[in-house]
């Protein structure tokens with residue numbers, strides 16, 4: 001009985017690192033250096049999902065390979081492959097819908113709903129996700145910000161009162177960067 005409960009719990013909860021090998025056995029195709037930040041993959045259709053190398057799925061990202069919206073009326077669910085390329089970042093709370101391909105070197109902004117393909121080297125944001133420019137333009141803007149905003153090193157990861165106060169004072173405009 002406990003095995004059945006554990007299996008059901010596995011199916012309906014977010015992914016833990018130690019369950020990745022189970023998902024691979026169930027058909028998930030995944031490259032190296034995958035970071036799953038408490039994400040959900042369509043566990044019943046893992047064989048339709050391919051994820052490349054050096055991919056980050058931030059917290060609460062959902063990747064679906066099915067659309068059951070018409071099941072009640074037609075008796076069928078539509079399914080589609082999902083391909084996530086290499087060096088892709090998908091931001092917190094985003095949803096990737098079935099039939100979508102996200103190309104290499106793409107960034108998906110937090111909270112985005114990806115309903116259509118995202119070409120390589122592009123940034124997509126919003127609901128539905130729309131092209132927000134090239135990755136190179138995005139990175140160029142961020143490099144400029146690094147010259148004007150405070151940057152905090154590893155010593156700020158374990159904050160004491162003095163470090164917290166210092167961080168707040170240096171972030172006078174509300175923004176900064178952390179290594």
Could you please find all residues in the stretch 132-148 being touching a strand residue (DSSP E or B) at 6+ places or on another chain (Cβ under 7 Å) and modelled with pLDDT of 95 or more? 132, 133, 134, 135, 138
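Okay, residues lined up against (1) farther than 20 Å from residue 53 by Cα; (2) surrounded by 14 or more Cβ atoms within 10 Å (Cβ to Cβ); (3) more than 20 Å from the chain's Cα centre (by Cα):
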residue: 67; (1), (2), (3): yes, yes, no
residue: 76; (1), (2), (3): yes, no, yes
residue: 84; (1), (2), (3): no, yes, no
residue: 88; (1), (2), (3): no, yes, no
residue: 125; (1), (2), (3): yes, yes, no
residue: 132; (1), (2), (3): yes, yes, no
residue: 144; (1), (2), (3): yes, no, yes
residue: 173; (1), (2), (3): yes, no, yes
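Just to confirm my filter: which strands (runs of 3 or more DSSP E) fall fully inside the stretch 15-59 and include at least 1 residues that are closer than 23 Å to residue 78 by Cα and in contact with a strand residue (DSSP E or B) (Cβ under 8 Å, 6 or more places away or on another chain)?
Working: elements: 34-36, 49-51, 55-57.
Passing ranges, in order: 49-51.
At pLDDT 95 or above, at positive phi, touching a strand residue (DSSP E or B) at 6+ places or on another chain (Cβ under 8 Å) and in a loop (DSSP other than H, G, I, E, B), is that true of residue 99? Please lay out each step first, then the result.
Numbers: at pLDDT 95 or above: yes; at positive phi: yes; touching a strand residue (DSSP E or B) at 6+ places or on another chain (Cβ under 8 Å): yes; in a loop (DSSP other than H, G, I, E, B): yes.
Judged against the criteria, residue 99 is a match.
The values are calculated or read from the model by the stated rules, or taken from the named source; none is laboratory data. Everything numeric in this text was worked out from a predicted model, so none of it was measured. In this analysis, Cβ positions are derived from the backbone assuming ideal geometry, glycine residues included, and neighbour counts consider all displayed protein chains.
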